[in-house]
Amino acid sequence: MEWAVELMDVRKTYRTGPIEVPALRGISLQVGQGEFVATAGPSGSGKTTLLNIIGGLDRADSGEIWVAGQNLQLMSSGDLAYLRLQRIGFVFQTYNLLPVLTAFENAEFTLLLQGVSASIRRERVEKLFSEIGLSGLENRRPAELSGGQQQRVAVARAMVTEPALILADEPTANLDSATAIALLDVMEHLNRATNTTFIFSTHDPQVMERAHRMIRLQDGQIVSDEARANPGNADVASATRSA
Amino acid sequence: MTSAPLLIKVSWRNLWRNPRGTLLTALALGLGLSLLLISLGLLDGGHEQTIADGVRFGPGHVVIQAKGYQETNSDELLLSARVVSSSEAFLQSDTIKQLVRGVSPRLLATGLLSSAANASGVRIMGVIPQDERAVSLIPQRMIAGSYLSNDTPPSNGRPSAAVIGIDLARKLEVKVGSKVVLMTQALRQPGADTRNSSGDEMESTLLRVTGIFRTGLQAVDANIVQVPLPAAQSLLGVTGGQVTQVALLLAEESDSPLVAKALRRQLTDASVEVLTWRQSIPMLAQILGLDHAFNYIMNGVILAMVGLGILNTILMRVLERHYEFGVCKALGLRPGQLAVMVIGESLALTAISLSLGLVFGLSIEHYFATSGLDLRLLFRRGLPPALVFDPILYSRLSPNRIVWSVSIVFVMATIISFYPALKAARIDLPDALKVL
């Protein structure tokens, strides 16, 4: 079986002068296509480093990282940039929309970089905006949107290229609990509808409940990896409306 | 590049994230360009004026004189009438005529001018008034009486007319209508029989002051006495229509080397030298050269300030958006595209600055070009005697200078923006996204 993500004995240590901080200490895991996975753990446990290494934003010191059938350790920076653009979507903790672009322009940003035609861009963004409750907000700049709306635009930006994998680093950290649940509903809905693999990090127990698989990290190591037979669920449409 | 419109859009909008800051920066950079344009206009105008005035109070754009005169200043070195007529004939030819505004033969010598009150050493200039009017500025600077006239007969028992400078008039305590005596040594002409010639003998003549001029140049106002050429020739014992020099005023200063070269080719006589004003007034050329060098340094300082302004602004904008660039890179923007975005932002800022600078700079330059800058407002205690003779300085800014200034600022801004662009392109992703 080909995994969507496969890590084998991945190690990463950060060095600041003489100080060495081990961030990942021999992580091995496999994530199948369409999984909805949460990584949890205290600050400094290696959650963000793990996501960055899976996303090709950072390089491991050793081990193998396979994403969409490609070994990231053997790829150049340019190839990694191309892989990110074509196959991976990112959702960041602080939304990170470009403030000078409207919600619509932010969402179509990666499609523009891919060279997708204007008509297809419009079609895809409008469809996504409609699905995640952003219709009517297309021409607003990020500063004119609430935190939840901004994060949904960020999810739309990540989803619009129809990537195989979406990595979300504490996507609900800056949202109130109702908005956070609504966002998770959106992500889960997209996961089911498109079979896109989601891996996200979180501290929030309320969010952890929603994951189909829960990976706990501590001091750069996996301390537990459990599949959840019956994760909490909610009505997507109602949650989206309440955001 | 299919992403080019997106990058341009982002660059342009980024400029207006902080409109006040962008406008203030653009204004500051625009003022730099304005300053550069105004400074170049006044510099070129000042130099053009200085050269125009300098040559018109001196030997013209081009001067024909006996070989060795420039080096020795010997009054005895004269041009023959044949050379003078040959030169004048050549200057009337179709190709040269349109380049020449005036031709004035002059006989020069030193002498002593005395009045009832005082005496002073002077430089005697024998001139043909009508010709001199076309070349010299002295006829235009009469402050009392009138300039010499061609109608004045050389001598019919009455004293010959003379015009003198204001400083000389004050020293001699004379005014228009006063009589003065000009004493000089008759010229010893090469090849002449000294036993029969008047060389070495002191000669004097009575002159009546018909006009007083003020040029603002102490060397001219205190020393020059102009008399009609026949009177000077008679006094100095010069026969056969000889003169010391033929001064040429050209329509364009830049034609000086061309006209001088043509004259040299025409006047093959070995005893003649043809000099441009740079050769005949080397000190003026040196002072202007020095002034040019100083102004280039000043312009360099202005450009450096403009450049540092652009660098500071763009670098600050890049550093402020470290995280944002990291996100763009994470989303798949390639380093080259990030660099293009930063360079685009810098060039857009430069374009706004240049537009503002051109509007301000050319407006002020236009004012100085038409109304002039009155230097008397700056130098209330008196103008410096060296460079500018006319107290109103008119700006002259050629299209070439404008294109040069705008191009150099634009090229400089482009080059300068490479550094912040490189910094943005080389952003370390984990560091930008604060991995730990």
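Odds and ends about this structure:
- Selection count, the range B:303-340, where residues are more than 14 Å from chain A (Cβ to nearest Cβ) and either surrounded by fewer than 20 Cβ atoms within 10 Å (Cβ to Cβ) or not hydrophobic (A, V, I, L, M, F, W, C) (or both): 12
- Filter pass, B:PRO430 being at pLDDT below 85, assigned to a helix (DSSP H, G or I), touching a Lys or Arg at 6+ places or on another chain (Cβ under 9 Å) and surrounded by 13 or more Cβ atoms within 10 Å (Cβ to Cβ): yes
- Unmet requirement for A:ALA81, which otherwise passes all of (1) in contact with a strand residue (DSSP E or B) (Cβ under 9 Å, 6 or more places away or on another chain); (2) within 14 Å of another protein chain (Cβ to nearest Cβ); (3) buried (at least 22 other Cβ atoms within 10 Å of the Cβ); (4) not in a loop (DSSP other than H, G, I, E, B): (1)
- Set A:PRO22, A:PRO99: member being under 25 Å from A:GLN221 (Cβ atoms) and either in a loop (DSSP other than H, G, I, E, B) or touching a residue at least 60 places away in the same chain (Cβ under 8 Å) (or both): A:PRO22
- Within the range B:278-309, the set of residues being without any contact (Cβ under 8 Å) to a residue 40 or more places away in the chain and among the hydrophobic types (A, V, I, L, M, F, W, C) comprises B:MET283, B:ALA285, B:LEU290, B:ALA293, B:PHE294, B:ILE297, B:VAL301, B:ALA304, B:LEU308.
- Top-ranked residue in the range B:257-278 [being touching a Gly at 6+ places or on another chain (Cβ under 9 Å) and not charged (D, E, K, R); ranked as farthest from B:ILE212 (Cα to Cα)]: B:SER271
- Test for A:VAL125: is it over 16 Å from the mean Cα position of the chain (by Cα), under 23 Å from B:LYS329 (Cβ atoms) and surrounded by 19 or more Cβ atoms within 10 Å (Cβ to Cβ): yes
- Residue identified as modelled with pLDDT of 90 or more, in the same structural domain as B:LEU43 (by TED's automatic domain parsing) and either touching a Cys at 6+ places or on another chain (Cβ under 9 Å) or closer than 23 Å to B:PRO5 by Cβ (or both) among B:SER363, B:SER355, B:SER346: B:SER355
- Test: residue in the range A:6-21 that is under 25 Å from A:ALA193 (Cα atoms) and either crowded, with 23+ Cβ neighbours inside 10 Å or of a type in the set (S, T, N, Q) (or both): no
- Of all residues in the range B:343-359, exactly one satisfies the criterion of being buried (at least 23 other Cβ atoms within 10 Å of the Cβ) and either charged (D, E, K, R) or within 14 Å of chain A (Cβ to nearest Cβ) (or both), namely B:GLU345.
- Checked against (1) away from chain A (no Cβ under 14 Å); (2) over 24 Å from B:ILE392 (Cβ atoms); (3) touching a residue at least 24 places away in the same chain (Cβ under 8 Å); (4) surrounded by fewer than 19 Cβ atoms within 10 Å (Cβ to Cβ), B:LEU275 meets all criteria but (4).
- Boolean, A:PHE90 is among the aromatic types (Phe, Trp, Tyr) and away from chain B (no Cβ under 12 Å): no
- Every residue from the range A:100-155 that is within 14 Å of another protein chain (Cβ to nearest Cβ) and of a type in the set (Phe, Trp, Tyr): A:PHE104, A:PHE109
- Of the residues making up the range A:105-122, not a single one is surrounded by 23 or more Cβ atoms within 10 Å (Cβ to Cβ) and over 24 Å from B:LEU15 (Cα atoms).
The values are calculated or read from the model by the stated rules, or taken from the named source; none is laboratory data. Worth saying up front: this structure is predicted, and the values here are computed from it rather than measured. So basically every Cβ, Gly included, is an ideal-geometry build from the backbone, and we count neighbours across all protein chains shown.
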